[in-house]
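The values are calculated or read from the model by the stated rules, or taken from the named source; none is laboratory data. None of the values given here were measured: they were computed from a predicted structure. Cβ placement follows ideal geometry from the backbone for every residue including glycine, while neighbour counts extend to all protein chains displayed.
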Amino acid sequence: MTNSAIFHLAIPIEDIAQAKAFYCGGLGCELGRESENAIILNFYGHQVVVHRTEEPQPVQKGIYPRHFGLVFLDLPPWESLLERAKLKELPFYIEPKTRFLGLVTEHRSFFLEDPFHNLLEFKFYSHVEAIFGSREITTIGDRP
């Protein structure tokens, strides 16, 4: 796999100032271009665009079917972001934990919720091959 592209994601928000506070002040994203209705964020090397909407976003019942986030390739940056989230008192949707302990899919994970009910997962796999490989394992997430 080559890294000749970056990921782009557009998400709904209701308030530009709150989005900046959470994503820039809280998560440490770099602010890019902005207008009165949208801002572009450097989300750890990927482009997340937040678009203001007039309609409040529905609260999702659990982490499925929709969430987004990052898979860290090294543990120290994952730990640094976790410490930053705690220091900035960002709202944890799911506290940090290790999932699938002892399996090739073992990973550390935590979920945050932004002010607009978007759920973000940050994880680090103990075995890098589990990110895309280990196709013989059919368990994905916690749902049967």
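Observations on the model:
- Flag if Gly102 is in a helix (DSSP H, G or I) and out of contact with any Leu (no Cβ under 8 Å at 6 or more places or on another chain): no
- Of all residues in the stretch 125-137, none are surrounded by 15 or more Cβ atoms within 10 Å (Cβ to Cβ), within 14 Å of the chain's Cα centre (by Cα) and modelled with pLDDT of 95 or more.
- Here Ile11 does not fit the description of being assigned to a loop (DSSP other than H, G, I, E, B), touching a residue at least 12 places away in the same chain (Cβ under 8 Å) and in contact with a strand residue (DSSP E or B) (Cβ under 6 Å, 6 or more places away or on another chain).
- Which listed residue is outside any strand (DSSP E or B) and within 30 Å of Tyr125 (Cβ to Cβ), from Pro56, Pro65: Pro65
- Subset tally (residues that are within 20 Å of Phe132 (Cα to Cα) and of a type outside the set (Asp, Glu)) for the stretch 55-76: 11
- Residues that are at positive phi and surrounded by 13 or more Cβ atoms within 10 Å (Cβ to Cβ) within the stretch 70-109 comprise just one, Phe100.
- When the stretch 1-27 is filtered for residues that are under 30 Å from Gly133 (Cα atoms) and either acidic (Asp, Glu) or at pLDDT 95 or above (or both), the ones remaining, listed by number, are His8, Leu9, Ala10, Ile11, Leu27.
- Residue selected from the stretch 5-61 under the condition over 23 Å from Leu81 (Cβ atoms) and of a type in the set (Ser, Thr, Tyr), by the criterion surrounded by the most Cβ atoms within 10 Å (Cβ to Cβ): Thr53
Here's the yes/no breakdown for (1) under 14 Å from the mean Cα position of the chain (by Cα); (2) among the β-branched types (Val, Ile, Thr):
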position: Val59; (1), (2): no, yes
position: Leu82; (1), (2): yes, no
position: Lys88; (1), (2): no, no
position: Thr105; (1), (2): no, yes
position: Arg108; (1), (2): yes, no
